[in-house]
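Novice: Please read through the structure below; I'll follow up with questions.
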Amino acid sequence: MMIQQLEKAISKLSELSESKQEEIAKMIMTTIESQKQSVNAWNSLKEMAGSIEAPEDWSQQHDHYLYGIPKQNQENE
């Protein structure tokens, strides 16, 4: 069934201009590549790591930065 749908889509694509075919091909390839990369949530997190500027103590003091509560004492850690 899926093969038939793909064959029908390819048939319809052949009716479009070459520039439209190229545009659609790029969208398909981009979608396929993003699916490959985001299969694993850890891969997504790894890609985002370091992409957000934040204070060095963000992970320990996130409540302070998010909610404005006083910073926690770090001496015990």
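None of the figures in this text is laboratory data; all of them are computed from the coordinates on show. In this text, all values refer to a predicted model and were calculated from it rather than measured experimentally.
Novice: Cross-link partners among lysines for LYS46, C-alpha distance below 20 Å, same-chain residues fewer than 8 apart left out?
Specialist: Cross-link targets: LYS36.
Novice: OK, next. On the principal axes of its Cα set, how long, how wide and how thick is the chain? Give whole Å, largest value first.
Specialist: Largest to smallest, the principal-axis extents are 68, 27, 19 Å.
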